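Reviewing the structure listed below.
The values are calculated or read from the model by the stated rules, or taken from the named source; none is laboratory data. Every value quoted in this text rests on a predicted model; they were computed, and no experiment measured them. A quick note on method: Cβ atoms are made from the backbone with ideal geometry, for glycine too, and the neighbour counts reach across all protein chains shown.
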């Protein structure tokens, strides 16, 4: 079933077009990996997907988007701020409700944040902050997961563990990442962007690491700006 379609649409920021004439259809029930170098247009595409799917999609942004002075509990709780009144949220800031505390504590324990629920986010490591951001997205309790580099601050083992938990909860996910092997082994479909162009869209089972490496020519010392050709 089609989730959403872009039909020769220009995507960007104001007058700046980042992805010109994009044509792409995304399907429900797929786990989709977005690959490409920084600046390729992944965040622009994800931002537009988020806008179109709101409020059906949980969102885990690049850079975490956490409030450093607040505790892990309160940062995760913010995933559902819109579900409560302003007064209820204020009361929860001062005295957390037992049911919310227990639900968030269980979620944090599942993501490897045991014993940290009271700790201010500013006192966490980068990897721990990454997991708090994922916990907040999961706490939104929506039907689709969108993530912009949600595993950038964790090691490969933790990334795999977190991804498996996300995909166990969501039948549909769209995630920007750089981990090629993770994209091949745990996603149904891979979309590759380069310099504002869609250059790859295929089932993960049809691809190889070599084909994915072609999305990152600069990493191989190629910096002349020439056209990227994805080998068949």
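Of note:
- Of residues in region 157-182 being in a loop (DSSP other than H, G, I, E, B) and closer than 20 Å to residue 42 by Cβ, the one modelled with the highest pLDDT: 170
- Residue within region 139-156 that is part of a helix (DSSP H, G or I), in contact (Cβ under 8 Å) with a residue 40 or more places away in the chain and touching a helix residue (DSSP H, G or I) at 6+ places or on another chain (Cβ under 6 Å) present: yes
- Qualifying residue in region 99-119 (condition: in the same structural domain as residue 74 (by TED's automatic domain parsing), part of a helix (DSSP H, G or I), touching a helix residue (DSSP H, G or I) at 6+ places or on another chain (Cβ under 7 Å) and in contact (Cβ under 8 Å) with a residue 60 or more places away in the chain): no
- Of all residues in region 25-55 being surrounded by fewer than 17 Cβ atoms within 10 Å (Cβ to Cβ) and over 15 Å from the mean Cα position of the chain (by Cα), the one that is farthest from residue 167 (Cα to Cα): 39
- Residue that is surrounded by the fewest Cβ atoms within 10 Å (Cβ to Cβ) [pool: residues in region 88-98 that are part of a loop (DSSP other than H, G, I, E, B) and touching a helix residue (DSSP H, G or I) at 6+ places or on another chain (Cβ under 9 Å)]: 97
- On the stretch given as region 188-204, residues that are closer than 22 Å to residue 29 by Cα and without any contact (Cβ under 8 Å) to a residue 40 or more places away in the chain total 2.
- Matching residues, region 66-87, being under 30 Å from residue 25 (Cβ atoms) and surrounded by 13 or more Cβ atoms within 10 Å (Cβ to Cβ): 79
- Being at positive phi and in contact with a strand residue (DSSP E or B) (Cβ under 8 Å, 6 or more places away or on another chain) is a condition met by no residue of region 43-61.
- Qualifying residue in region 34-52 (condition: in a strand (DSSP E or B) and farther than 23 Å from residue 141 by Cβ): yes
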